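Comments concern the structure below.
Every number here is computed from the coordinates shown, using simple stated rules; none is lab data. Just so we're clear, the structure is a prediction, and the values are computed from it rather than from any experiment. Every residue, glycine among them, receives a Cβ derived from its backbone with ideal geometry; neighbour counts consider all protein chains shown.
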Amino acid sequence: MNPTQTMAPAQTEVEQKYKVIGTRPIRHDGVDKVTGRAVYGADVQLPGMLHGKVLRSPHAHANIKSINTAKAEALYGVKAVMTAADFPDSGSRTANLGELGEVPLKPMCDNVMASDKAVYHGHAVAAVAATSPHIAEEALGLIEVEYEVLPPVMDVLKAMDEDSPLVHEDLYTDELGEKSAKPSNVASHTRHVKGDLSQGFAAADHVLEREYRCATVHQGYIEPHAATAMWNPDGYLTMWVTTQGAFTVRTSVHQILDIPVSKLKVIPTEIGGGFGGKIPVYGEPVAAVLSRKARRPVKVVMDRTEVFQATGPTSGSYVKLKMGVTNQGRITAAETMLAYEAGGYPGSIVALGGICMFAPYNIDNTTIDMYDVVVNKPKTAAYRAPGAPNSEFAVECMLDEFCERLGLDPMEIRLLNGAKEGDIQSHGIPHPRIGCIETTEAARDCEHYQTPLEGPNRGRGVASGYWVNAGLTSSVTARLNGDGTVTLQEGSTDIGGTRTSIAMQLAEVLGIPVEDVVPSVVDTDSVGYTEVTGGSRVTFATGWAAYNAGQAIKSQLIEQAADLWKVDKDQVSLADGVITTTNGDSRSMTIKELAADLSQKGIDVGSRETVTPQNHGGAYATHVVDVEVDPDTGKVTILRYTAVQDAGRAIHPSYVEGQMQGGVVQGIGWALNEEYFYNEDGLLMNSSFLDYRMPTSLDLPMIETIIVEVPNPGHPYGVRGVGEVPIVPPQAAISNAIARAVGVRLGDLPMSPQTVVKALSAKS
Amino acid sequence: MAIVHIPALLHSLTGDVRKLEVEGRTVGDLIDQLELLYPGIRDRLVENGHLRSGLAIFVDGMVRREALEYEVPPGSEVLFVPAVAGG
Amino acid sequence: MAAKVHVTATLNGEPVEFLCEPRQSLLEVLRDELKLTGSKEGCNNGNCGACSVILDGLLVDACIVLGAEIDGCTVETIEGLMGSDGLHPLQQTFLENAALQCGICTPGFIMAGKALLEKNPQASEGDIRHWCAGNLCRCTGYDKIVRAIMDAEPQLEVKK
Ligand code: FES
Ligand code: FES
């Protein structure tokens, strides 16, 4: 086994400074999850519960002329059938998406269930609730839908053509408030300009211009979507949902069904992976309507085919990039055009692709044009660092090409151009303190990079990545128990051990063992508003709320102790779980002792905290990969992989490493195998795990990790989000490694065996 | 007085003026002043009395959710950036 | 609807009896009839291993076995792993190695690990990677899972 999981030297100081942070406790929900007791979305069982199933469009693009549900309704065991006509009219209503502003509601409703038109293969058109899933499935076969099939458009560039079929006849290109004269599949165009391109290119000694493409890929979480709804006759709706954000589900269902939020309670179950794909709602409003109609609880669980056909994928994309560098490797100018598929309705994450694209580097002259384009594929959802891999892939590949031409070391060109605090990014905002340089240096100096790679058809690739991270709103409620433990209720669903990384921050403040904090993820009635588990924000923002709760409890305990001892509260301090006087009379008691006393007196100690921090810093990573290419079959084998990343402060290093390793492997899948195959009719041909090929344990070596800690000055413990950036570098790192191994540069993802073979034969 | 950065797509309206000093208490006031200088610019930034959906206001590097009502400290830098949500 | 089938089997060391439809899979029977939801459905067609159980000593995907087929058989699921002395060594090493993130794949991997180590108590990293290729995990990149299974080997040895 390879040596792995190194901590940069900063950790030693941290170990002295912190008691809890930086340790590796067993997670609080661990026993439930290794014994099969944890309740995930599909595990919910209620008395009298029915099973809902969804009928989906067999066409990629079709007008819905009529739907006849009579035969299905008549089937024994069927208790309710619904179509989009059962949703309140969405025509002129808008949805408030917080920072995204007011948007028309119709596309959101139509994506949940098509009203007039199916815009992708697998688009929901009707649903049934029955006493068993098998009966519900039989009933789907009895629903008669009359379609008028239309030609589909499946590719982002074709969709941008003047004469392309239109996904929506009433969609016009928006350019910051100005609408195009004719309807178009281009939903919007935005632009960032910095400096002067012509000057920048004039200063360059070498200029390259290339095109890069990414196929549509899916988040691939192992747990399919599942939602259970119980609509009571008094109008109260309770939902059990596997989701990244219970409050987001509440808002979406409230808007789609036009019912008051106060009558809607969302109980998040355990969640079996999300990666951005469990933010939008799909079966949730459907289960609710079926429950209202059937007057019984209804559970809607997707199967794997439905997950692939109708949820999630991230944008397929086209990127055109032109960059200029000096002989020394200094980047003088970069011009790019990004076109991202939004799927069936507008709203790709192209804007994030634009923001992140050049962020690792300080480039004086940049222009970025971004196009959001509808095609006949599922409405795209966020996927880990949404938008960033597609655009940064281009930059990282091109930098490597420059290195090869100029004889530069890939680490040195990244250090030469690396972004620092205060550098203005391409969208005009200055960088806060980031660990770009420190991370690259750690990658350059690591044992992997310093060890030469030998052997035929082998190559080493390097790439970096940046992700902006997010802050957003998070809430916790903390309460001291009579035995000195603290219960901690939080609104952030726990996808990867965040109960513990949040609890650790509270424990650190009080100086108590993390086992004495009892975290639980609670429903939307039981904690303050909390936005999604996404944007790598939970350990940062929810952790901050827990830190504040810890501080509040600490000062309450100090006040109570001062009261008890009849001293001024300035003369009392709390450290390591013990409260002491500082006035020299050396009185002391443990938190446990004081808690027992207070509980007996009926004095409540606790706190309710909500934070919306913005100083989330940015995450930066540099990866090194060794590959071997089989020139006959085109198969690429990953020989060794090292991921280096700035975590700001690693609260629970094991879960930081886990995020890095998981992100890398998703990136490897994206790089080498994963893609949606559509036939010429726009039908998805590989909607199973057998045909949509995600990495298995057999495809991989151990993933070595090096955590760099450049504390984020915007967080009490220096935390930066860590979850997303590790998916950014692998695609380019592998492409660069292949180039060094066999001399072909691949700019289209995935770099599947047939692509590699084709490129090799074109070369020879 | 604040320094307002004009979004790239509106440079055609300002004759390629990319940033300028504008008088005003709130972001809304700044936009009113811009409108006097560059007629038509307000409609590109404001929709039904609110900041256009899909835009965010950054003042000195921080998002200001108060949007048009945000009171701009003198000398600060105001940017209009496409709003984005994370994954 | 076809008549229900009467099945008797041994489940996690105890006798069970149930009625199931001939079309119901073992996974459906476990989850919906016997309310043992520790075995998960990730794909329902034998591709992900989230439903892994041990049937007469062999590792199988419960979603592609029919409930009616287990008549007279012995089935072990994740719910049966914990002994009177607490967690099974694999459960413990999964926790210690942080070998789960979302945890949906965990019951399947633990059952797969158990079946492997019963056959090959000194499985190498390569053996584990090969054996577990039928179990998908989208969160961990497998690194910590492979380590957890390796770490359980000496503990299982001691237990014997
Ligand atoms: S659910 Fe049985 S193998 Fe996936
Ligand atoms: S831990 Fe989430 S799929 Fe394995």
(request) Using θ = phi - 60° and the Karplus relation 6.51 cos²θ - 1.76 cosθ + 1.60, list the HN-Hα couplings for the stretch A:540-548 in order, rounded to whole Hz, with x at every Gly or Pro. (result) 6, 7, 5, x, 5, 4, 5, 4, 4
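Show me the ranking of peptides A:539-552, A:263-276 by mean Cβ neighbours inside 10 Å, starting with the highest.
By packing density, highest mean first, the sequence is A:539-552, A:263-276.
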(message) I'd like the mean, over residues of A:42-55, of how many other protein chain beta carbons sit within 10 Å of each residue's own Cβ.
(response) 1
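Report, in debye and to the nearest 20, how large the dipole of the stretch C:5-80 comes out about its Cα centre when Lys and Arg carry +1 and Asp and Glu carry -1 on their Cβ. Show your work: numbers first, answer last.
Working: 4 positive and 13 negative charges, 41 e Å.
That gives a dipole near 200 debye.
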(request) Could you tell me which of the pairs A:Lys106/A:Lys377; A:Lys79/A:Lys263; A:Lys106/A:Lys179; A:Lys79/A:Lys278; A:Lys194/A:Lys320; A:Lys33/A:Lys79 are separated by over 26 angstrom between their Cα atoms in the structure shown? (result) A:Lys79/A:Lys278; A:Lys33/A:Lys79
(message) Ignoring everything except DSSP H segments at least 4 long, calculate the 222 nm mean residue ellipticity for chain A; use -39,500 (n - 2.57) per segment, divide by total residues, nearest 500.
(response) -8500 deg cm²/dmol
(message) Given an 8 Å cut-off on Cα distances and at least 6 residues of separation, report the relative contact order of the stretch B:2-82 as a percent.
(response) 37 percent
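Percent antiparallel among DSSP beta bridges with both residues in the stretch A:203-349, to the nearest 5?
Numbers: 27 of 32 bridges.
Within the stretch A:203-349, antiparallel bridges account for around 85 percent of the total.
About the Cα centre of chain C, what is the dipole size in debye to 20, counting +1 per Lys and Arg Cβ and -1 per Asp and Glu Cβ, all else neutral? The partial results should precede the final answer.
Numbers: 13 positive and 22 negative charges, 73 e Å.
Computed charge dipole of chain C: roughly 340 debye.
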(message) Quick check: the distance between the Cα centres of the stretch C:42-84 and the stretch A:175-205, to the nearest angstrom?
(response) 56 Å
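Report the local net charge at B:Asp43: Lys and Arg +1, Asp and Glu -1, summed over other residues whose C-beta lies under 10 Å from its C-beta. If you can, show how the numbers build up before the last one.
Details: positive: B:Arg42, B:Arg44, B:Arg52; negative: A:Glu178, B:Glu35, B:Glu47.
With Lys, Arg at +1 and Asp, Glu at -1, the net is 0.
Antiparallel versus total DSSP beta bridges in the protein assembly as shown: what percent is that, nearest 5?
Taking every DSSP beta bridge with both residues in the protein assembly as shown, the antiparallel ones total about 75 percent.
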(request) Report the local net charge at C:Leu27: Lys and Arg +1, Asp and Glu -1, summed over other residues whose C-beta lies under 11 Å from its C-beta. (result) -3
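Per residue of C:41-52, what is the mean number of Cβ atoms on other protein chains within 10 angstrom of that residue's Cβ?
5
Order A:465-473, A:482-490, A:637-645 from most to least packed using the mean count of other Cβ atoms within 10 Å. Walk me through the intermediate numbers first.
Numbers: A:465-473: 26.3, A:482-490: 19.8, A:637-645: 24.4.
Per-residue mean Cβ counts within 10 Å order the peptides as A:465-473, A:637-645, A:482-490.
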(request) Report, in whole Å, the centroid distance computed from the Cα atoms of the stretch A:644-707 and the stretch A:512-553. (result) 28 Å
(message) Using Cβ contacts closer than 10 Å as the measure, can you line up A:Met504, B:Met1, A:Met323, A:Met337 from fewest to most?
(response) B:Met1, A:Met337, A:Met504, A:Met323
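Treat the count of other C-beta atoms within 10 Å as a stand-in for reagent exposure and order A:Val728, A:Val742, C:Val146 from fewest to most.
Values: A:Val728 31, A:Val742 22, C:Val146 27.
Ranking A:Val728, A:Val742, C:Val146 by Cβ neighbours within 10 Å, fewest first, gives A:Val742, C:Val146, A:Val728.
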(message) Given Cβ point charges of +1 (Lys, Arg) and -1 (Asp, Glu) and nothing else, what value in debye, to the nearest 20, does the dipole of the protein assembly as shown about its Cα centre take?
(response) 600 debye
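What ranking do A:192-205, A:664-677, A:423-436 get when scored by the average of other Cβ atoms within 10 Å per residue, highest first? Could the numbers behind the result be given before it?
Details: A:192-205: 16.7, A:664-677: 25.0, A:423-436: 20.8.
Result, highest mean first: A:664-677, A:423-436, A:192-205.
C:Glu76: net charge of surrounding residues, Cβ under 13 Å, Lys/Arg +1, Asp/Glu -1, itself excluded? Intermediate values should be presented prior to the final figure.
Values: positive: C:Lys114; negative: C:Glu14, C:Asp56, C:Glu79, C:Glu118.
Taking every other residue near C:Glu76 into account, the sum is -3.
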(message) Rounded, prolate or oblate, given the Cα gyration tensor of the stretch B:2-82, with a/c below 1.5 counting as rounded?
(response) rounded
(message) Given axes a ≥ b ≥ c from the Cα gyration tensor, I'd like to know whether the protein assembly as shown is rounded (a/c under 1.5), prolate (a/b larger than b/c) or oblate.
(response) rounded
